[in-house]
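For reference, the structure is listed below as structure tokens.
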Amino acid sequence: MEDKIQRRTLVLICMLLGISFTVWFTLLLVFIIVPAIFGVSFGIRRLYMKSLIKLFEWATLRMERGAKEKNQHLYKPYSNGIIAKEPVSLEQEIQDMRRGGAEPEFDMSDIFYFCRRGVESIVDDEVTKRFTAEELESWNLLTRSNYNFHHISTRLTALWGVGVLIRYGFLLPLRVTLAFTGVGLLVVLTSIVGLFPNGRMKNYLSDKVHLMCYRICVRALTAIITYHDSENKPKNGGICVANHTSPIDVIILASDGCYAMVGQVHGGLMGVIQRAMVKACPHIWFERSEVKDRHLVAKRLSDHVADKSKLPILIFPEGTCINNTSVMMFKKGSFEIGCTVYPVAIKYDPRFGDAFWNSSKFGMVNYLLHMMSSWAIVCSVWYLPPMSRMEGEDAVQFANRVKAAIARKGGLADLLWDGGLKRGKVKEVFKEEQQKLYSKVLVGSSEDGSSS
């Protein structure tokens, strides 16, 4: 008798699990996967975003009231952590410090200028703070954005607990399912498309497969993206350059258009994806030994853009992830090719989730867990008008002009520093440049001009 009851209970549990999985995948298919295939949206994500904004506003109000009741001071950072300051030349600053004009000779007071600049650099280093997450003015109910806010009141603590249940109990499983679906379909379908002979049909199918799979992956992050100025979208035979905040920058852009990717050959799961993708579309993958060969890289890129039937190349010239408050130095390699460059500015809204990948602190798996357990990824993408090298303009000047346009459009700080400082030391070139500027003060601008 007990055996029969146990068998019936087991059968009932299996039936309930089967029904649950059927309902789960039916909802995914109807409301997420099918709309992603046809590129349509029911507006659910934007309604969800508006609801979150109202919730954050209420939570911030409760937080401020709770802090006043406990006589606590809440730290509110400057916007982007940047204090606007008029740029002044080294010569002008030394003149102001000497108060009597800068004579072409050494003065003991000059020491104080370099001491002050050194202390300023330590206190407010405009480089290293670009590699840490941006501090928020208000709490978004995520522990990782502020470790103190959720202890201010019982209501906020309870709301934070409900948020944890929603994010990890519902959103995370949903997003993991969508991510595996998108990546799995990308590998399988691109492998099938790769069996077709080269031609229009293969290119058409490849574009549709890539767009569909990337749109599913975008939904796996609950990404709400606003694209501006779509008439400037990159065209075949060109290079698309964008500021770099996260590995998901690729998915954000590729869900609105098709690109040829550039990168190093990997092993494991990433290698499987790369090999499948290159069967359907001519992406550019380099072996580890080839990456440092600049001439080989430039030739591969030049050959690609010379063929107007091939997709535009997507490149992130900064070479590393920056925390979306600024744009740092662009590597000149992609600007030496001599083709049309299509600049793109990407700006994330950190209120819903921090998209910045601090690779020195988090591994890829840990980072993706943070992304999929955030409320959402909200960003704006601006397609800027195409740009080409002007007559007499070298690659570095062209890169700086493109970088300035991206920074201006995205509301980001335009910095001259190399993102490689994230892991390396300051190059001797930068030290020598400051030494040359000071030597001009010592020698005198007139003498320096006559000697040259």
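The values are calculated or read from the model by the stated rules, or taken from the named source; none is laboratory data. These figures come from a predicted structure and were not determined experimentally. Backbone-built Cβ (ideal geometry, glycine too); neighbour counts: all protein chains shown. Calculation scope for accessible area: heavy atoms of the full protein, side chains included, ligands and nucleic acids excluded. Shrake-Rupley method; radii C 1.70, N 1.55, O 1.52, S 1.80 Å.
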Computed E for R300/E57 - FRET, C-beta separation, R0 30 angstrom, nearest 0.05: 0.05
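Calculate how many DSSP beta bridges within segment 155-417 are antiparallel, expressed in % of all such bridges and rounded to the nearest 5. Walk me through the numbers on the way to the answer.
Working: 7 of 27 bridges.
Taking every DSSP beta bridge within segment 155-417, about 25 percent pair in antiparallel fashion.
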Cα-Cα over 25 Å, subset of K308/K347; K299/K361; K310/K332: K308/K347; K299/K361
Hz values of 3J(HN,Hα) by residue in segment 186-191 - Karplus curve (6.51, -1.76, 1.60), Gly and Pro given as x: 4, 5, 5, 6, 5, 5
Span from the segment 229-299 Cα centroid across to the segment 320-371 one, whole angstrom: 14 Å
Length added when fully stretched, T226-V176, from 0.36 nm per residue minus Cα-Cα: 15.6 nm
Fraction in percent of alpha-carbon pairs per bin - 5 Å, segment 155-417: 1, 6, 12, 16, 19, 17, 14, 8, 4, 2, 1, 0, 0
Per residue solvent-accessible surface (Å²) - segment 155-417, probe of 1.4 Å: 44 Å²
Rounded percent of accessible protein surface that carbon and sulfur make up, segment 155-417, 1.4 Å probe: 62 percent
Karplus-derived HN-Hα couplings along segment 377-386 (A = 6.51, B = -1.76, C = 1.60, θ = phi - 60°), whole Hz, x at Gly and Pro: 10, 10, 8, 10, 10, 10, 8, 8, x, x
In Hz, Karplus ³J(HN,Hα) per residue of segment 35-42 (6.51, -1.76, 1.60; θ = phi - 60°; x = Gly, Pro): x, 5, 4, 9, x, 10, 9, 8
